[in-house]
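Peer 1: Sharing a structure, written as structure tokens. Questions coming.
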Amino acid sequence: MPEIAYLGPPGTFTEQATRLLTADFDADLVPCETVPVALAAVRSGEVLAAGVPVENSVEGSVPATLDALTADDPLIAVKEVVIPVQFDVFARPGMTLGEVGTVASHPHALAQVRGWLAEALPKADVRAVSSTAAAAAAVADGEYDAAISAPVAREHYSSLQRLATGIADVRDAVTRFLLVRRPGTLPEPTGADRTSICAVIGDEVGTLSDMLAELSLRGINLSRIESRPVKDHFGHYRFYLDFDGHVADARIGEAMAALQRRCDSVRFLGSYPKADRTPASVRPASSEQAFRNAAEWLAAVRAGRLA
């Protein structure tokens, strides 16, 4: 049976997301300590793919994932899922909220429940740990009084009791996760796809606007852009872009070829169905049919069939 890595330990939102990402085939899930370790297992062939977090609606993108995707040999995303992020509070049996003196969780989780902590546990000592599941494990081991964890943690730490459920300062908070594997056959276009790339551009006037113009001129909806430093070259940045469409689409392919000409480097990170399956709104002049008509016209001109 194939193995799929994920950011562990067991009992995290990433485990929950990876279950959804692999629901259409049988696979054993393998927890990894960090995102780079999970992706390294994919690159080496130790596992078939990995489920990793890429973006949270409250805390933004996950830098460890962005950096690891471009650090070594190419990897591509083939699927995404977006899940609501609300937390449960776990403690040892018999403890009440009023008795909680220490509470532990991952820093991202703590950032998303600051308001709840201030109201419900104003005197508790808050501790940051490596993951929400690690917090639950530490509570089970007696290190802390309570843990703020993903609900799925209860399946792995059944000795703990819930003191609160569904807590979140932002009720509609979500996190987006990707299923990442080695390059190969791409998912077929669905009409509601997302393409992800990483582009490195020079430190020159107008280079960023020129890059974005290649998308705008073709009516491509840019849904996310973020910069990360090129670590060995101060002042240079990698730009991570998500935009609507599939690399098999004429307008997307044409834009990516233009970016390859303009940028110092471009890494393709995948074309995959959007989790919400919402087709992009495209101007008529930027439709697939318009691009096909233009390509056919140009071919006729080059062949001498049109003046």
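The values are calculated or read from the model by the stated rules, or taken from the named source; none is laboratory data. Everything numeric in this text was worked out from a predicted model, so none of it was measured. Cβ atoms come from the backbone with ideal geometry, glycine included; neighbour counts cover every protein chain shown. Each accessible area value is taken on the protein alone, full model and side chains, heavy atoms only, with ligands, DNA and RNA left out. Shrake-Rupley method; radii C 1.70, N 1.55, O 1.52, S 1.80 Å.
Peer 1: Enter the mean projected area of the convex hull around the alpha-carbon atoms of the chain, in nm², rounded to one decimal.
Peer 2: Average projection, Cα convex hull of the chain: 19.5 nm².
Peer 1: Going by average Cβ neighbours within 10 Å, how do the peptides 7-15, 114-122 rank, with the highest at the top?
Peer 2: With the highest mean Cβ count within 10 Å placed first, the list reads 7-15, 114-122.
Peer 1: Also, I was wondering about something else. Among rounded, prolate and oblate, which fits region 185-306 when a ≥ b ≥ c are the square roots of the eigenvalues of its C-alpha gyration tensor, a/c under 1.5 means rounded, and a/b larger than b/c means prolate?
Peer 2: Oblate.
Peer 1: Modelling each spin label as a point 7 Å along the Cα-to-Cβ direction, I'd like the Arg261/Ala128 distance in nm, to one decimal.
Peer 2: Going from the Arg261 label point to the Ala128 one covers 4.6 nm.
Peer 1: For region 88-165, report the % of Cα-Cα distances exceeding 19 Å.
Peer 2: Tail of P(r) above 19 Å: 21 percent of Cα pairs.
Peer 1: To continue, here is another question. Whenever you get a sec, line up Val180, Val200 from highest to lowest accessible area (probe 1.4 Å, protein heavy atoms).
Peer 2: Largest accessible area first, the residues go Val200, Val180.
Peer 1: Tell me the label-point distance for the pair Ser57, Phe25, using the 7 Å Cα-to-Cβ offset, in nm and rounded to one decimal.
Peer 2: The answer from the label model is 3.0 nm.
Peer 1: Let me ask something additional. Using 1/(1 + (r/R0)^6) with R0 = 35 angstrom and r between the beta carbons of Ser281 and Leu97, what's the FRET efficiency to the nearest 0.05?
Peer 2: Result of the calculation: an efficiency of 0.15.
Peer 1: List the lysines whose Cα sits under 19 Å from the Cα of Lys274, skipping any in the same chain fewer than 8 residues away.
Peer 2: Lys79
Peer 1: Same structure, new question: Which whole-number value in Å² is the accessible area per residue of the chain, probe 1.4 Å?
Peer 2: Roughly 48 Å² per residue, with all protein chains present.
Peer 1: For a quick check: with amide H placed at 1.01 Å from N, whose amide H comes under 5 Å from Ala280's, ignoring anything fewer than 5 positions away on the same chain?
Peer 2: Asp193
Peer 1: In addition: Compute the acute angle (0 to 90°) between the alpha-carbon long axis of helix 250-262 and the principal axis of greatest extent of the alpha-carbon atoms of the chain; round to the nearest 10°.
Peer 2: Here the helix axis deviates by roughly 90 degrees.
Peer 1: How big is the Cα convex hull of region 1-97 in projection, averaged over all directions, in nm²?
Peer 2: Mean orientational projected area (region 1-97, Cα hull): 7.8 nm².
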